[in-house]
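The structure under discussion appears below in the form of structure tokens.
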Amino acid sequence: MEKTFLMVKPDGVQRGLIGTIMARFEKKGFQLIGAKLMQLTMEQAEHHYAEHVSRPFYGELVEFITSGPVFGMVWMGDEVVAHSRAMMGKTNPLEAAPGTIRSDYAMHKGINIIHGSDSPEAAEREIHHFFKPEELVTYKRCLDDWI
Ligand code: DAT
Ligand code: MG
């Protein structure tokens, strides 16, 4: 079953949106298999955003993501990567479709509430980076036949 790594960014944590965001993924039907509050180190931030190292916004990006606690989550379900990207909306909240997380709760492209893996391969990499195997719990849900 596909997995993804989602992370409520420091703006979402400070604004009290962890529960609101988790509720969207729970109600959709995805299964939570891991979650934790983390204060990222500069090393973790640089590793996580390594693909953006040459972009002009990179300095601000790692500064922002280490500016306060983040809430990391691992969710599981059919095509959870694509579904969660759709539920998040485009990077720039101005371009995100109404009803998406970034459209509903954010205004600025650098301060956009949530991170989500952009492919199943990236998800595997990011889950491995932030979670130990024993921090993930898989279990049978009685509602799986209905989703
Ligand atoms: P996403 O988070 O939608 O996967 P991304 O991987 O292209 O977007 O970029 C990672 C983060 O970097 C993004 O969530 C916010 C920031 N960012 C991206 N493009 C930016 C830009 N043009 N100006 C400022 N911040 C930007
Ligand atoms: Mg990305």
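Could you order peptides 103-109, 55-61, 9-15 by the average number of other Cβ atoms within 10 Å of their residues, highest first?
So the peptides 103-109, 55-61, 9-15, ranked by packing, come out 9-15, 103-109, 55-61.
Return a whole-number percent for the relative contact order of segment 59-147, with Cα pairs under 8 Å and 6 or more residues apart as the contact set.
The value is 21 percent.
In deg cm²/dmol, rounded to 500, what helix-only [θ] at 222 nm does the chain give when every DSSP H run of at least 4 residues adds -39500 (n - 2.57) and the total is split over its residues?
Roughly -10000 deg cm²/dmol at 222 nm, from the helical runs in the chain.
Put +1 on the Cβ of each Lys and Arg and -1 on the Cβ of each Asp and Glu in the chain; which of 12, 66, 49 then has its Cα farthest toward the positive end of the dipole?
The residue sitting farthest along the positive end of the dipole is 12.
What is the magnitude of the charge dipole of the chain about its Cα centre, with +1 placed on the Cβ of each Lys and Arg, -1 on the Cβ of each Asp and Glu, and no other charges, expressed in debye to the nearest 20?
With only Lys, Arg, Asp and Glu charged at Cβ, the dipole is about 420 debye.
Rank these residues by their accessible area, most exposed first, probe 1.4 Å: 32, 94, 40.
In descending accessible area the options line up as 94, 32, 40.
With the full set of protein chains in place, find how many percent of the accessible area of segment 2-135 is carbon and sulfur; take the probe as 1.4 Å.
The computed percentage sits at 54.
Work out the length of the dipole vector of segment 39-106 about its Cα centre, built from +1 on the beta-carbon of each Lys and Arg and -1 on the beta-carbon of each Asp and Glu, and round it to the nearest 20 debye.
160
The values are calculated or read from the model by the stated rules, or taken from the named source; none is laboratory data. From a predicted model like this one, the values you see are computed outputs, not experimental measurements. All Cβ positions, glycine included, derive from the backbone under ideal geometry; neighbour counts span all protein chains shown. Surface areas here come from the heavy atoms of the whole protein model, side chains and all, with no ligands, DNA or RNA. Shrake-Rupley method; radii C 1.70, N 1.55, O 1.52, S 1.80 Å.
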